[in-house]
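The values are calculated or read from the model by the stated rules, or taken from the named source; none is laboratory data. All figures in this text were calculated on a predicted structure; none of them were measured in a lab. Glycine gets a Cβ as well: all are built from the backbone with ideal geometry, and neighbour counts include every protein chain shown.
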Amino acid sequence: MNDQIIEELSKKIKSACGLSKKQIEKTILFLLNSDQAEIDKGFLLIKELKSKIRKCQKCNNFSNNDICDICLDKTRENKLMIVEHYQNISKFEELNIYKGHYFILEGLYKLKNNDQVVLSNLEKLISMSKEYDEIILALSSDIEGQFTMQYIQKLLRDKNKNINVYQLSIGIPMGAEIEYVDPTTLKQSLINKAKM
């Protein structure tokens, strides 16, 4: 067995997917144990995926078309939810309670060494924000996510002082016991308390 090929493939899979060493080993074993026809069909599907699926020109979601079905849907509410990754959209769509549009930031804003994709998407977001009645920031509740939401809010307010900007509420998960909730979440849940 050629260990150099396995090592190179492991590095490629790790850099592309961020999988753990164990997951990479399982993937390589699967490939080694598969017959050639199965591998060839998999590669054809990967090539087809790469040639037919692209990012929506408006929201950055993956689509078969230049503009995705969600952006084309005229029955949706005139709201825009900003998310970090395309997987976040399916989470909200499964809930079936949000009927607005989405914008995928494709990362978070940082103080230093920002990804050019994120900077470009921020510009795109700001220029299209005037089309919506409401902007909902649905990014991670960690420090980077909070910083990004504050930065976006400032950019939006600089462009339009009357824009309605919201952020998802942060608080105690359903079924959690207070004694096990971390201090930051407990503090946020108290700040974001709702009138009953």
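Report yes if some residue within the range 19-28 is outside the structural domain of residue 151 (by TED's automatic domain parsing) and within 30 Å of residue 152 (Cα to Cα); otherwise report no. Checking the range 19-28: not a single residue is outside the structural domain of residue 151 (by TED's automatic domain parsing) and within 30 Å of residue 152 (Cα to Cα). Going by the conditions given, is residue 147 part of a strand (DSSP E or B), among the hydrophobic types (A, V, I, L, M, F, W, C) and either surrounded by 15 or more Cβ atoms within 10 Å (Cβ to Cβ) or touching a residue at least 40 places away in the same chain (Cβ under 8 Å) (or both)? Taking the combined requirement at face value, the residue does not satisfy it. Confirm whether residue 31 is farther than 24 Å from residue 150 by Cα, surrounded by 11 or more Cβ atoms within 10 Å (Cβ to Cβ) and aliphatic (A, V, I, L, M). Judged against the criteria, residue 31 is a match.
Among the residues making up the range 102-134, those that are among the acidic types (Asp, Glu) and either within 17 Å of residue 157 (Cβ to Cβ) or surrounded by 15 or more Cβ atoms within 10 Å (Cβ to Cβ) (or both) are 106, 123, 131, 133, 134.
Among the criteria (1) surrounded by 12 or more Cβ atoms within 10 Å (Cβ to Cβ); (2) touching a residue at least 12 places away in the same chain (Cβ under 8 Å), the one residue 64 does not fulfil is (1).
Which residue, of 191, 135, is assigned by TED's automatic domain parsing to the domain that holds residue 72 and of a type in the set (Val, Ile, Thr)?
Values: 191 fails: assigned by TED's automatic domain parsing to the domain that holds residue 72.
Answer to the check: 135.
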